[in-house]
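Inspection log for the structure reproduced underneath, given as structure tokens.
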Amino acid sequence: MRFTSCAVLAATLAASAVAARGDTFTVHVYNFGFSTIPGSNPQVEPIINLGDTVRWTWDSGFHSVTSVAGILEVFNSGDHGAPFTFDHTFTNLGDWQYFCDIHGFDAGGGNAGGMSGVVHVVPAPSVGAMISGGVLLLLRRRR
């Protein structure tokens with residue numbers, strides 16, 4: 001009986017560790033847009049889970065990644081030329097608008113214009129764990 005309790009505790013701790021570690025999604029920065037697909041037209045915006053990280057990767061040009069004013073997710077890469085990367089881990093649910101402070105603008109009210117994008121953050125999927133034949137199996141469901 002003690003082995004089972006320890007195994008369940010180990011499974012729970014391992015599942016919690018997996019749930020705490022988010023994924024990283026790349027958004028390409030190019031003239032004059034942001035997209036999960038390099039040079040994409042139309043732009044493709046990321047839909048990520050709570051706790052995931054967006055890595056903006058400068059493919060070309062001189063740009064920034066700047067969150068609009070007055071929102072919970074505040075980030076600012078500063079102005080950089082390619083090649084450059086900037087990461088931000090999202091800790092709040094919602095749609096978070098951002099812009100390039102050189103080629104875009106903060107339109108007020110949580111909105112951006114010009115060279116701008118949105119990160120959509122949804123609840124993290126549930127994580128389950130089970131022991132099968134003495135092997136710990138961790139299951140993570142993506143949305």
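General observations
- Matching residues, the stretch 103-113, being open to solvent by less than 70 Å² (accessible area, probe 1.4 Å) and either of a type in the set (Phe, Trp, Tyr) or part of a loop (DSSP other than H, G, I, E, B) (or both): 110
- Checking each residue in the stretch 77-102 for being without any contact (Cβ under 8 Å) to a residue 24 or more places away in the chain and part of a strand (DSSP E or B) picks out 80, 81.
- Verdict on residue 62 being more than 17 Å from the chain's Cα centre (by Cα), at pLDDT 95 or above and of a type in the set (A, V, I, L, M, F, W, C): yes
- Scanning the stretch 19-49 for residues being more than 11 Å from residue 118 (Cα to Cα) and open to solvent by 70 Å² or more (accessible area, probe 1.4 Å) gives a total of 9.
- Residue within the stretch 80-97 that is closer than 13 Å to residue 31 by Cα, surrounded by 15 or more Cβ atoms within 10 Å (Cβ to Cβ) and of a type in the set (Phe, Trp, Tyr) present: no
- Test set (1) of a type outside the set (Ser, Thr, Tyr); (2) surrounded by fewer than 13 Cβ atoms within 10 Å (Cβ to Cβ); (3) at pLDDT 50 or above - residue 1 fails condition number: (3)
The values are calculated or read from the model by the stated rules, or taken from the named source; none is laboratory data. For clarity, every value in this text was computed on a predicted model and none was experimentally measured. Ideal geometry is used to build each Cβ from the backbone, glycine not excepted, and the neighbour counts take in all protein chains shown. To get the accessible areas, we keep the full protein, side chains included, count just its heavy atoms, and leave off ligands, DNA and RNA. Shrake-Rupley method; radii C 1.70, N 1.55, O 1.52, S 1.80 Å.
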